[in-house]
1. Can you tell me which condition Arg229 does not meet? The list is (1) closer than 22 Å to Lys79 by Cα; (2) open to solvent by 70 Å² or more (accessible area, probe 1.4 Å); (3) out of contact with any strand residue (DSSP E or B) (no Cβ under 8 Å at 6 or more places or on another chain), and all the others hold.
2. Counting just the residues of segment 76-129 that are farther than 18 Å from Ala226 by Cα and of a type in the set (S, T, N, Q), which one comes out surrounded by the fewest Cβ atoms within 10 Å (Cβ to Cβ)?
3. Mind counting the residues in segment 215-230 that are among the small types (Gly, Ala, Ser), assigned to a helix (DSSP H, G or I) and in contact with a helix residue (DSSP H, G or I) (Cβ under 9 Å, 6 or more places away or on another chain)?
4. Filter segment 131-146 down to the residues that are open to solvent by 10 Å² or more (accessible area, probe 1.4 Å) and either touching a residue at least 60 places away in the same chain (Cβ under 8 Å) or in a helix (DSSP H, G or I) (or both) and list them by number.
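The values are calculated or read from the model by the stated rules, or taken from the named source; none is laboratory data. This structure is a prediction, so every number in the text was calculated from the model and none was measured. Reconstructed Cβ throughout: ideal geometry from the backbone, glycine too, with neighbour counts over all protein chains shown. Note: areas computed on protein heavy atoms with side chains; ligands, DNA, RNA excluded. Shrake-Rupley method; radii C 1.70, N 1.55, O 1.52, S 1.80 Å.
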Amino acid sequence: MLSYDSAISLKGQTPGSPAISNGHQNIPPSPSTMRLPTSSLSNGMRTNGNVSSSLSKNEQRHIWLVTGPAGCGKSTVAKYLATVLHMPYIEGDEFHPQANIDKMSAGIPLTDADRWDWLTALREASLKELERGNRGVVLTCSALKRKYRDVIRVAPYFSPNLHLHFIYLDASEELLLQRVMARKNHYMGANMVHSQFEVLERPTTDEVDVISIDVSRPAEAVMAEALDRVLDTMEAVAAEAQRK
């Protein structure tokens, strides 16, 4: 199995801030057979600080939240989608306050109280990217419990053209433990994997805004499926908007 951390740099993009970035992502290039977004889905994105004139109040906008426990490949998949779709990328781990990082580094699981402000900050950061003129944004967040996902679900309440989607990366605890043990220089230790699975609430069938993907396969297969399902969803949303 290919390691999700063994990626090459995709250059030629415009870098953003440390927490939100469009460029220089360490992700594999798309295979020659990879499905790419049509012009109707990719044009009009914000690039280098400019907003295309094709953007309008009727544009359908999307928040893509890549979720799952430690080691599932959230950053790899999210960076790939952000680059291919020309959307800004938000790394959720960079929004944790130092107190949370210190607890996780010491192997102490976060409580619900530790997470509320972090989840709210991620939601607000996503909305700010859309306010800047982007049609979409991709971010990472473990979102282990349904109530955590519900915090983010508030985002589209007052924006009828905004659509929120979760991409849940599913794998066994044993597999993710192996991956986390192989990582270097990351504050999330292997002992945290078990604690995350203890509180994990996998998305249920009534959470219709969730796309579940098996990540026990090589990274290339996972990214290909993620992109395909994202494009299918965006096309379905666009078609539904045209019918209204």
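1. Answer for Arg229: the failing condition is (3).
2. The qualifying residue surrounded by the fewest Cβ atoms within 10 Å (Cβ to Cβ) is Gln98.
3. Kept after step one, since they are among the small types (Gly, Ala, Ser), are these residues of segment 215-230: 216, 219, 221, 224, 226.
Those still in the list that are assigned to a helix (DSSP H, G or I) too: 219, 221, 224, 226.
Filter again for in contact with a helix residue (DSSP H, G or I) (Cβ under 9 Å, 6 or more places away or on another chain), leaving 219, 226.
Within segment 215-230, residues that are among the small types (Gly, Ala, Ser), assigned to a helix (DSSP H, G or I) and in contact with a helix residue (DSSP H, G or I) (Cβ under 9 Å, 6 or more places away or on another chain) number 2.
4. Going through segment 131-146, the residues open to solvent by 10 Å² or more (accessible area, probe 1.4 Å) turn out to be 131-133, 135, 142, 145-146.
Selection gives Glu131, Arg132, Gly133, Arg135, Ser142, Arg146.
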